[in-house]
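> Structure in structure tokens, see below.
The values are calculated or read from the model by the stated rules, or taken from the named source; none is laboratory data. Since this is a predicted model, take the numbers as computed values, not measurements. Heads up, the Cβs are rebuilt from the backbone with ideal geometry, glycines too, and the neighbour counts pull from every protein chain shown. Please note that ligands, DNA and RNA were not included when accessible areas were found on the heavy atoms of the full protein model with its side chains. Shrake-Rupley method; radii C 1.70, N 1.55, O 1.52, S 1.80 Å.
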Amino acid sequence: MGRVAGLSAKELSRVRGRLEEFAAAMFAPLPRKDQRGWGGVYLRGLMLEGKRKSIEPMAARLEDGDEQCLQQFVNQSPWRCEPVRERLALRMSDEIAPEAWVLDDTGFPKFGRQSVGVARQYCGALGKIGNCQLGVSISAVTAQASCPLDWRLYLPEEWDDDPRRAGCRVPDEVRYAPKWQLALEMIDELGGWGLVAPVVLGDAAYGDVTELRLGLEQRDISYVLDVKGQTSAVPETTRPERPPYAGTGRPPAARYRRPFGSLAALALAAGPDAYRELTWREGTRGAMSSRFVALRVRPTNEKLRRADPDGELPVRWLLAEWPAGQDAPSDFWLSNLPVDTPLERLVALAKLRWRVEQDYRELKDALGLDHFEGRSWPGWHHHVTLVSVAHGFLTTERLRRPPTRAAA
């Protein structure tokens, strides 16, 4: 499938009718006609070709662009973005029929300290710690298409009592929450909109968090999550043992004996002969393939043991990748999918997360996701919502007329 990209003035004119229909459906919850109108103008500004997608250059490129009105619409107008995101999530879930939801986050580099949520923190866009905002997203994905459904701005702990809150119009009830908690909030919000979660995917920043995995399981949601190899675990056959009773006091409870192993050690112990060569998709340079094994294991970290101190640790899938030419397995995933899940299914889901990395590039390069120059909490949320709507429309256009294989 082709990439989402900016449109020339001629291309934008050709899809104008369908865009206006799409925008009318997305912006129907906005209470005022002028708000709905400026929403459509902003969408056209985001989609029209141009290096910068901040308000001033977008207004200059549009015949009906008005910088002051667009500034008012995005930064000052009190319209709620949640009803717009709800309509987008329902529409795009129907268009895409997602195989999975992907949890991820992306950085918005900033020069000053006055933008809402800005702090010195790791920024993937910079590849290092830098001055930035962080946005957490949840996206609907298939191998052919994807679209962000919901967003949260990560507010660092230093912002809880920071005087900048007032100038940035941060709601009083908003306080620091870890990214995994924001992810669960979005999952609950999508559920409140009537969407049923498919399999949830995420990198190790999410997969290594026991609270996230437990939260998904409590919601009866399946997952395939990246984890680090040093995550503690034992083979499926391991059972808790009861220490000898000394005859006084309370008899000791059964427990798993240390030392625990690790996911990396279990994957290595399986041996290279246990791994199968599998292709998960066709890339620009040909088939993408590697060697994989799926093992049944019991993760053993302390929070899991505390969750049910008298019970057996649950059995989960460990999916491991051992690329040819390497001395040991390199990548690991944990999953709570059923015991009869084929290896091919686990691999396809584990490798599906690449769609969101592509989305972030398209959202930033083609649609100006990180070009917003406003500083306020409402402005940031308005902007990312409007960028998501623009991306959703271009995705529907791409799905209407998929390119030929030779052009893909």
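> Taking every DSSP beta bridge that has both residues in the chain, what percent is antiparallel when rounded to the nearest 5?
Bridges in the chain that DSSP calls antiparallel: roughly 85 percent.
> Something else: Note the full-extension length gain between residue 365 and residue 54 as 0.36 nm times their separation in residues minus their Cα-Cα distance, in nm to one decimal.
110.7 nm
> Add -39500 (n - 2.57) for each DSSP H run of 4 or more in the chain, then divide by its residues: what number comes out at 222 nm, to the nearest 500 deg cm²/dmol?
-10500 deg cm²/dmol
> Using a 1.4 Å probe, what is the accessible area per residue for the chain, in Å²?
47
> Using alpha carbons only, how many angstrom separate the centre of region 26-73 from the centre of region 136-176?
The two parts, judged by their Cα centres, are 22 Å apart.
> In the chain, what cysteines have no partner Cβ closer than 4.7 Å?
Taking the Cβ cut-off of 4.7 Å, the unpaired cysteines of the chain are 69, 81, 147, 168.
> Run the numbers for residue 279 and residue 400: contour at 0.36 nm per residue of separation, minus the present Cα-Cα distance, in nm.
Contour length minus the Cα-Cα distance gives 40.8 nm.
> Give me the one-decimal Kirkwood hydrodynamic radius in Å for region 24-183, with the sum taken over alpha-carbon pairs.
This gives a value of 17.7 Å.
> What nm value, rounded to one decimal, do you get for the distance between residue 20 and residue 97 when each label is placed 7 Å out toward the C-beta?
My value for the distance between the label points is 3.2 nm.
> Out of the GluC sites (Glu not before Pro) in region 99-185, which ones are loop residues according to DSSP with at most 14 other C-beta atoms within 10 Å?
Hits after loop and neighbour filter: 173.
> Related question: Any chance you could count the Lys pairs in the chain whose alpha carbons are under 15 Å apart, treating pairs 8 or more apart or on different chains as valid?
4
> Per residue of region 332-338, in order, report the coupling 6.51 cos²θ - 1.76 cosθ + 1.60 (Karplus, θ = phi - 60°) as ³J(HN,Hα) in whole Hz, putting x for Gly and Pro.
9, 9, 10, 9, 9, 5, x
> Here's another thing I want to ask about it. For residue 7, which sequence-distant residues (separation of 5 or more, or a different chain) have an amide H within less than 5 Å of its own amide H, given hydrogens modelled in the peptide plane?
Here 48, 49 satisfy the definition.
> Could you pull out every residue, at least 5 positions away or on a different chain, whose amide H is within less than 5 Å of the one on residue 99? Hs are placed 1.01 Å off N in the peptide plane, and Pro or chain starts have none.
Result for residue 99 returns 141, 142.
> Suppose each label sits 7 Å from its Cα in the direction of the beta carbon; what would the residue 230-residue 169 distance come out to in nanometres?
Modelled inter-label distance: 4.5 nm.
> Placing +1 on the Cβ of each Lys and Arg and -1 on the Cβ of each Asp and Glu in the chain, which of 83, 377, 130 has its Cα farthest towards the positive end of the resulting dipole?
Towards the positive end, the residue furthest out is 130.
> Which FRET efficiency value, to the nearest 0.05, do you get for residue 219 and residue 343 by plugging their Cβ-Cβ distance into 1/(1 + (r/R0)^6) with R0 = 25 Å?
My answer for the efficiency is 0.45.
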